[in-house]
Amino acid sequence: MTTSDAPRRRGRPPKLTREAVLATALEILDESGHAGLSMRAVSERLGVGKMSLYHHVADRAELERLVIERLLAELEVPDAALPWRERITALARSVRGLIVRHPNATPLVALREYSDPESLRLPEAVMRALHDAGLRGVDLVGGARLVFGYAIGFAQIDLVARDSRSGAVSPMESLPEEDFPHVVSSARLTRGLSFDDQFELGLQPLLAGLAAIADRSS
């Protein structure tokens, strides 16, 4: 048998790691959404048998949880010494940015409960800032949900309107003013504002409302 006729020895496949599994799962989530994320899809993308994944994750539910915890752990938490308004602003911006970068993760971010300490830094930081503002008990819980709800909800507007032309005239501007004075006025006032500017615009009454609740509780 000549050298050219000798059977080729296959190299050992690269060692499978949990990090590789989670990175691949996130790729699939970004591309195909929650419905497309499965143990089979991840194993096929990695070129390994499905059973190989079970050395690293127990099932699809744990896979989803670990992917979202991985994303949340990457978010920066502001210095606790900063004023509470600055912290809430920074945290809301972070959540919005996460959803814009990974829109298909929205249902999991919004609904999943977490257990990883790193991923819990974000909700803990929001609640600590609200506690420092003076909110207590159910007011604190409601305030935290308001912050997350606003950031996630606005990110959805970002995604839907991403292709809209900045400065374009809204059809709401042509409505009869006598019937819709506030709608027409708001459409004109916000024309030309970027989504970043509009996000900041909405944060101001949110922060003022939280401060008012804290004052009422004190």
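A few points about this structure:
- Some residue of the range 42-64 being open to solvent by less than 70 Å² (accessible area, probe 1.4 Å) and closer than 23 Å to Ile157 by Cβ: no
- In the range 103-115, the residues that are in contact (Cβ under 8 Å) with a residue 12 or more places away in the chain and in a helix (DSSP H, G or I): Pro103, Asn104, Ala105, Thr106, Pro107, Leu108, Val109, Ala110
- From the list Ala133, Ala155, the lone residue that is out of contact with any Phe, Trp or Tyr (no Cβ under 8 Å at 6 or more places or on another chain) and modelled with pLDDT of 90 or more is Ala155.
- Some residue of the range 51-73 being hydroxyl-bearing (Ser, Thr, Tyr) and more than 22 Å from His34 (Cβ to Cβ): yes
- Residue list for the range 1-28, filter: at pLDDT 90 or above and either assigned to a loop (DSSP other than H, G, I, E, B) or touching a His at 6+ places or on another chain (Cβ under 7 Å) (or both): Leu16, Thr17, Arg18, Val21
- Contact annotation: residue pairs with Cβ atoms under 8 Å, 6 or more positions apart or on different chains, pairing a residue in the range 121-142 that is closer than 20 Å to Asp79 by Cβ with a partner that is open to solvent by 70 Å² or more (accessible area, probe 1.4 Å) and of a type in the set (Ser, Thr, Tyr), are Gly134/Ser218.
- Residue match in the range 179-190 (condition: without any contact (Cβ under 8 Å) to a residue 60 or more places away in the chain, within 25 Å of Ile99 (Cβ to Cβ) and within 24 Å of the chain's Cα centre (by Cα)): no
- All positions within the range 83-102 that are surrounded by fewer than 20 Cβ atoms within 10 Å (Cβ to Cβ), in contact (Cβ under 8 Å) with a residue 60 or more places away in the chain and either closer than 22 Å to Leu66 by Cβ or over 14 Å from the mean Cα position of the chain (by Cα) (or both): Arg85, His102
- Close pairs from the range 199-218: first in contact (Cβ under 8 Å) with a residue 60 or more places away in the chain, partner charged (D, E, K, R) and surrounded by 12 or more Cβ atoms within 10 Å (Cβ to Cβ), Cβ under 7 Å, at least 6 apart: Phe199/Arg96; Leu207/Arg85; Ile213/Asp139; Ser217/Arg136; Ser217/Asp139
The values are calculated or read from the model by the stated rules, or taken from the named source; none is laboratory data. Computed from a predicted structure; not experimentally measured. Neighbour counts are summed over all protein chains in view; Cβ atoms, including those assigned to glycine, are modelled from backbone coordinates with ideal geometry. Each accessible area value is taken on the protein alone, full model and side chains, heavy atoms only, with ligands, DNA and RNA left out. Shrake-Rupley method; radii C 1.70, N 1.55, O 1.52, S 1.80 Å.
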